[in-house]
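Contents: one structure, followed by commentary.
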Amino acid sequence: MIINQSQLFLIFIINGIFIGIIFDFFRILRKSFKTKDIVTYVEDFLFWILTGTIILYSIFTFNNGEIRFYMFIAIIIGIFLYMLLFSKYIIKTNVFIITCLKKIFNIFFYFLNIPIKYIFKLIRKIILRPFLFIFINIRKLSTNSYKNKLKISNKLKNKEGF
């Protein structure tokens, strides 16, 4: 009986450490990427759903659904131990790794973007220029014909004496 309860206590300490890891995962995401408020709310909601699911799963799996006060104390101890011993180092390391990966991807996409820009410029020259030429000439013709009609109508008005 006491061995079983001490094993449960240890299991729920491990659950607390795992919950601390999940909490740090979301903290790392927030430190690495700028997100809107709605995304933060969704992340918080996901954190609490995951945490509740983990705790309920552990209670039903390891203690046949019986809730004991020491389980919650063990979870708090596990979270506290994780935050005290590992959290700072894990966050620093992962934020550094993500920052380096972001820089590498930015450099990669910058160099990938250079040929794409030139391809689009070439396509624009090949396809868009003829259409622009046609459009500009149609516009010139229509404005010139409108001006010619105005000149003719003004000459007619002056001749008729209006």
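Can you give me the number of residues within the range 66-76 that are surrounded by fewer than 16 Cβ atoms within 10 Å (Cβ to Cβ), aliphatic (A, V, I, L, M) and either touching a residue at least 60 places away in the same chain (Cβ under 8 Å) or under 16 Å from residue 10 (Cβ atoms) (or both)? Write out each step before concluding.
First pass over the range 66-76, keeping only residues surrounded by fewer than 16 Cβ atoms within 10 Å (Cβ to Cβ): 66-70, 72-73, 76.
From what's left, aliphatic (A, V, I, L, M): 67, 73, 76.
Filter again for either touching a residue at least 60 places away in the same chain (Cβ under 8 Å) or under 16 Å from residue 10 (Cβ atoms) (or both), leaving 73, 76.
Qualifying residue count, the range 66-76: 2.
Only one of these conditions is not met by residue 137: (1) among the polar types (S, T, N, Q); (2) under 30 Å from residue 11 (Cα atoms); (3) out of contact with any helix residue (DSSP H, G or I) (no Cβ under 6 Å at 6 or more places or on another chain). Which number is it?
Of the numbered conditions (1) among the polar types (S, T, N, Q); (2) under 30 Å from residue 11 (Cα atoms); (3) out of contact with any helix residue (DSSP H, G or I) (no Cβ under 6 Å at 6 or more places or on another chain), the odd one out for residue 137 is (2).
Listed here are the residues, each with its yes/no results for (1) in contact with a Cys (Cβ under 8 Å, 6 or more places away or on another chain); (2) farther than 30 Å from residue 25 by Cα; (3) touching a residue at least 12 places away in the same chain (Cβ under 8 Å); (4) of a type in the set (Gly, Ala, Ser).
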residue: 82; (1), (2), (3), (4): no, no, yes, no
residue: 87; (1), (2), (3), (4): no, no, yes, yes
residue: 95; (1), (2), (3), (4): no, no, yes, no
residue: 102; (1), (2), (3), (4): no, no, yes, no
residue: 112; (1), (2), (3), (4): no, yes, no, no
residue: 124; (1), (2), (3), (4): no, yes, no, no
residue: 132; (1), (2), (3), (4): no, yes, no, no
residue: 138; (1), (2), (3), (4): no, yes, no, no
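For the range 77-96, enumerate the residues that are under 24 Å from the mean Cα position of the chain (by Cα) and among the hydrophobic types (A, V, I, L, M, F, W, C).
Of everything in the range 77-96, those that are under 24 Å from the mean Cα position of the chain (by Cα) and among the hydrophobic types (A, V, I, L, M, F, W, C) turn out to be 90, 91, 95, 96.
For the structure I just gave you, tell me whether residue 158 is free of Cβ contacts under 8 Å to residues at least 12 places away in the same chain and exposed (fewer than 10 other Cβ atoms within 10 Å of the Cβ). Break it down into steps so the answer makes sense when it comes.
On the way: free of Cβ contacts under 8 Å to residues at least 12 places away in the same chain: yes; exposed (fewer than 10 other Cβ atoms within 10 Å of the Cβ): yes.
When the stated conditions are applied, residue 158 passes them.
Tally time: how many residues in the range 1-43 are surrounded by fewer than 16 Cβ atoms within 10 Å (Cβ to Cβ) and closer than 25 Å to residue 69 by Cα?
Total satisfying the criteria: 11.
Would you check which residues across the range 23-65 are of a type in the set (S, T, N, Q) and without any contact (Cβ under 8 Å) to a residue 40 or more places away in the chain and list them? Even if it seems obvious, please write down each step before you answer.
Within the range 23-65, the first condition is being of a type in the set (S, T, N, Q), and the residues that meet it are 32, 35, 40, 51, 53, 58, 61, 63-64.
Hits for the range 23-65 are 35, 40, 51, 53, 61, 64.
From the list 103, 88, exactly one residue is in a helix (DSSP H, G or I) and closer than 27 Å to residue 51 by Cα. Which is it?
On the way: 103 fails: closer than 27 Å to residue 51 by Cα.
Testing whether each residue is in a helix (DSSP H, G or I) and closer than 27 Å to residue 51 by Cα leaves just 88.
Every read-out reported here was derived from the displayed coordinates using simple, explicitly stated rules and does not represent laboratory data. Bear in mind the structure is a predicted one, so any value in this text is a computation, not a measurement. Reconstructed Cβ throughout: ideal geometry from the backbone, glycine too, with neighbour counts over all protein chains shown.
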